[in-house]
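Notes follow the structure.
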Amino acid sequence: MGEHNANNFSDIEYVFLDRDGVLNRSLPDGRFITRWEEFELLPGVADAIAQLNRSGRKVMVVTNQRCVALGLCSEADLLTLHERLRNQLTQQGARLDAIYYCPHDAGECNCRKPLPGLFEQAFRDFPGADVRNSVMVGDSLRDIEAGARMGMRTIFIDVESEAGSRSPEADRSTALASAVALSLSDCVQQYLSPRGYE
Ligand SMILES: [Mg+2]
Ligand SMILES: [Zn+2]
């Protein structure tokens, strides 16, 4: 057995969330979300984050947004979108403790997941956070690889689980992740419910 049980998350203090496909609905065909009008929070997300808040855990977003490098939106547009996301969550009683994003194109930086830069920024900003008390929650292989390379536990949000055909990436993510959930809401219910009630 390793130093921790991969399927026991009760000691998790820091929850890292991917954005597109975890918090909000991804657009078809890998299109980028560049405007608030395209941003649709998924069902149960605000409640799930509020539960994490109440359990005393820190909730941080780590998101690749190469739409900035591609010129599809500006960094200011991205910040505005994240401000509106925070406002919408606040109205529903939920709070994000930090949002880290990579605006770069592939091969340009050390922060595009699965590279470690966004997590390293977070660990500098939150000195209590480390790979042993953090979990990465994401819907792509890139997210699960990022967490696994760091030595963190990972939870794969399997959005294809009810679709007819599965991609090889989803199968690899399922195999690599510490645990699998159907949605952020399901993830919190199954693995990160408020401590004292589990
Ligand atoms: Mg995603
Ligand atoms: Zn980057």
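Read-outs: derived from the displayed coordinates by stated rules, not from any lab. Since the structure is predicted, the reported quantities are computational estimates derived from the model, not experimental observations. Every residue, glycine as well, gets a Cβ built from its backbone with ideal geometry; the counts of neighbours run over all protein chains shown.
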Subject >> Residues whose placed amide H lies under 5 Å from that of Val62, excluding near-sequence neighbours >> reply: Leu17, Asp18, Arg19, Tyr100
Original post:
What is the log10 of I(q)/I(0) for the range 1-154, computed with the Debye formula using one identical point scatterer on each Cα and no solvent, at q = 0.17, 0.18, 0.20 Å⁻¹?
Top reply: -1.02, -1.15, -1.41
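Scan the range 99-198 for trypsin sites (Lys or Arg not before Pro) in coil per DSSP, keeping those whose Cβ has at most 14 other Cβ atoms within 10 Å, and list them by number. If you can, show how the numbers build up before the last one.
Values: sites: Arg112, Arg124, Arg132, Arg142, Arg149, Arg153, Arg166, Arg172, Arg195; in loops: Arg112, Arg132, Arg166, Arg195.
Those that pass, being in a loop and sparsely packed, are Arg132, Arg166, Arg195.
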Subject >> Net charge of neighbours whose Cβ lies under 12 Å from the Cβ of Ala148, counting Lys and Arg as +1 and Asp and Glu as -1 >> reply: +3
Original post:
What is the fewest-to-most order of Cys109, Cys102, Cys67 by other Cβ atoms lying within 10 Å of their Cβ?
Top reply: Cys109, Cys67, Cys102
Subject >> Calculated FRET value between Ser74 and Gln121, using beta carbons and R₀ = 25 Å, to 0.05 >> reply: 0.75
Original post:
Taking the range 1-90, which trypsin sites (Lys or Arg not before Pro) meet the DSSP loop condition and have no more than 10 other C-beta atoms within 10 Å?
Top reply: none
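Give the longest segment of the chain that steers clear of chymotrypsin sites (Phe, Trp or Tyr not before Pro) in DSSP loops with at most 16 neighbouring Cβ atoms within 10 Å, not counting the sites themselves.
No qualifying site falls inside 33-196, the longest such stretch.
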Original post:
Between Glu13 and Arg95, 0.36 nm times their residue separation minus their Cα-Cα distance comes to what?
Top reply: 28.0 nm
Subject >> J(HN,Hα) series, the range 179-185, from Karplus relation 6.51 cos²θ - 1.76 cosθ + 1.60, nearest Hz, glycine and proline x >> reply: 7, 10, 9, 8, 6, 4, 4
